[in-house]
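Quick notes on the structure that follows.
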Amino acid sequence: MTETASRMLAGMSVPDTPLVDKAIEYAREKCEPYLFNHVVRSWLFAARLGQIEGVVHDAAVVAVGTLLHDITLNERFAGPRRFEVEGADLARTFATESGVDGRRAQLIWDSVALNSTPSIGLYKEPEVALCTAGIGLDVIGWRYDAIPAAELVRIVSEFPRLGMKQKMTKCFCCIVEKNPETTYDNFARDFGERFVLGYKAPSVVDLVLNAPFDE
């Protein structure tokens, strides 16, 4: 793990640097309160999983990646690409303008772009994998038992969920309704198929069979 100054937040030891402080404020500015709490919890869960498992990683990259992973998840999102890619570009710009080098900025981009694709993110670099794991824990309870119960309770108490399930569902449905073309190859389609009347994603089978080749 990269050595850096640290501080305690909700009982967790996290990096205390100008970059992380700036990312916290940027997330607070871009996210609704429930979403801000979600990204902070995701960061704390990612950091704790890294500590428990002894994963060597860049703690500041994990902080920025998790804190900024949902900055485009809102009802104002207007594409044109899927919200994770748009968010990843914003996060990388934030990082480079903050003096982060290209390799670390790319790790932040990957952490944001793959935040809803754990089947890939969990097998990337340690920073991306930890971001993915922390986010997955907070959204779907993935590896919920890996963190001691008292620590989970404290984190959720200090950064409450504020109706996250319902509010996040509303955001995804809004994206499906406004920008359906960005939802066909990611998990947002599940919300469209469950909750949005008339939504129908194209089948990959049709795309393959109708490709403009003879065989």
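Structure remark: mean-square fluctuation, Gaussian network model of the chain, C-alpha springs under 10 Å; the largest value among 107, 67, 19 belongs to 19.
For residue 82, neighbours were defined as the other residues whose beta-carbon sits under 11 Å from its Cβ, and their charges (Lys and Arg +1, Asp and Glu -1) total -2. Summing +1 for each Lys or Arg and -1 for each Asp or Glu among the other residues whose beta-carbon sits under 12 angstrom from that of residue 10 gives +2. Net length available on complete extension from residue 145 to residue 158 is 2.8 nm, with 0.36 nm assigned per residue and the Cα-Cα distance removed.
A crude spin-label estimate for the pair residue 53 and residue 103, with each label 7 Å from Cα along the Cβ direction, gives 2.1 nm.
Rounded to whole Å, give me the distance from the Cα center of segment 30-64 to that of segment 110-162. Taking the Cα centre of each part, segment 30-64 and segment 110-162 sit 7 Å apart.
For the set 215, 151, 177, the ranking by accessible area, highest first and with no ligand, DNA or RNA atoms included, is 215, 177, 151 under a 1.4 Å probe.
By the scheme Lys and Arg +1, Asp and Glu -1, what is the net charge of all other residues having a beta-carbon under 11 Å from that of residue 157? Show your work: numbers first, answer last.
On the way: positive: 41, 154, 161; negative: 151, 158.
That sum, taken over residues with Cβ under 11 Å, equals +1.
Within the chain, the whole DSSP H helices whose Cα atoms reach 24 Å or more along their own axis and whose mean Kyte-Doolittle score is at least -1.0 are 33-53. Here is how the number arises for the chain: DSSP H runs of 4 or more residues each give -39500 (n - 2.57), the sum is divided by the residue count, and the result at 222 nm is -18500 deg cm²/dmol.
Say R0 is 25 Å: what FRET efficiency, to the nearest 0.05, do residue 25 and residue 5 get from their beta-carbon distance?
After rounding, the FRET efficiency stands at 0.90.
Per atom type, the chain shows carbon and sulfur on 56% of its accessible surface, probed at 1.4 Å. Put a dot 7 Å past the Cα of residue 193, heading toward its Cβ, do the same for residue 16, and the two dots end up 4.8 nm apart. Working value for segment 159-215: equivalent-ellipsoid semi-axes of 31, 11, 8 Å, each the square root of 5 times a Cα gyration tensor eigenvalue, largest first.
Can you pull a Stokes-Einstein diffusion coefficient for segment 111-178 at 20 °C (1.002 mPa s), Rh from Kirkwood over Cα pairs, as a whole number of µm²/s?
In µm²/s, the coefficient is 160.
Largest first, the residues 168, 8 sort by 1.4 Å accessible area into 8, 168. Our estimate of slack between residue 209 and residue 177, defined as 0.36 nm per intervening residue step minus the Cα-Cα distance, is 8.8 nm.
The values are calculated or read from the model by the stated rules, or taken from the named source; none is laboratory data. Keep in mind it's a predicted model, so treat the numbers as computed, not measured. Cβ: placed from backbone, ideal geometry, glycine included. Neighbour counts: every protein chain shown. Surface areas here come from the heavy atoms of the whole protein model, side chains and all, with no ligands, DNA or RNA. Shrake-Rupley method; radii C 1.70, N 1.55, O 1.52, S 1.80 Å.
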